[in-house]
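The values are calculated or read from the model by the stated rules, or taken from the named source; none is laboratory data. Everything numeric here is computed off the predicted structure, so don't read it as measured data. Ideal geometry is used to build each Cβ from the backbone, glycine not excepted, and the neighbour counts take in all protein chains shown. When the accessible area is computed, the model is the full protein with side chains, heavy atoms only, and any ligands, DNA or RNA have been set aside. Shrake-Rupley method; radii C 1.70, N 1.55, O 1.52, S 1.80 Å.
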Amino acid sequence: MKTNVIRIIYTLTCIFMCMAISAQEDAKKLAGNWSFSAPQAPNGYQDGDCHFKEKSGKLTAIAKVRGSELAINEIIKDSNAETYKCNFYLDGAYIELIFKMTKDDQLEGTVNTQGMNIPVRFNKKVSKVQIKE
């Protein structure tokens, strides 16, 4: 009986450690500056920038849309579907963003708001390194 309890505790500990390591790797892939494009969105909301970062063990973001910044305090990963989800308000409208990383390290997803499902695509920005001669 005692051996079975120890095995269960050991197994659960291993599972939680694997999940934590996986979440850290995903946060590293997402961390940084991205530009997004949603051509079917209303005018003014079709493109912008987003900065993903890990803060206090949570994945967060700051999005720049229409010249203003929007803080997204928590992005949740669904480990079964390999998708990310966050909810926020933008200009009074409730927004649900669901996205996933593609094989070519881009992000694709859908913005759901007010009965509309708008496709969105994120491209990672590459910072230019200047070489001094």
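The numbered conditions (1) more than 23 Å from Pro42 (Cα to Cα); (2) open to solvent by less than 90 Å² (accessible area, probe 1.4 Å); (3) touching a residue at least 12 places away in the same chain (Cβ under 8 Å) are all true for Asp78 except (3). Is it true that some residue in the stretch 37-55 is assigned to a strand (DSSP E or B), open to solvent by 30 Å² or more (accessible area, probe 1.4 Å) and of a type in the set (A, V, I, L, M, F, W, C)? There is no residue in the stretch 37-55 that is assigned to a strand (DSSP E or B), open to solvent by 30 Å² or more (accessible area, probe 1.4 Å) and of a type in the set (A, V, I, L, M, F, W, C).
Annotation: of all residues in the stretch 86-130 being exposed (fewer than 11 other Cβ atoms within 10 Å of the Cβ) and of a type in the set (S, T, N, Q), the one that is nearest to Thr60 (Cα to Cα) is Ser127.
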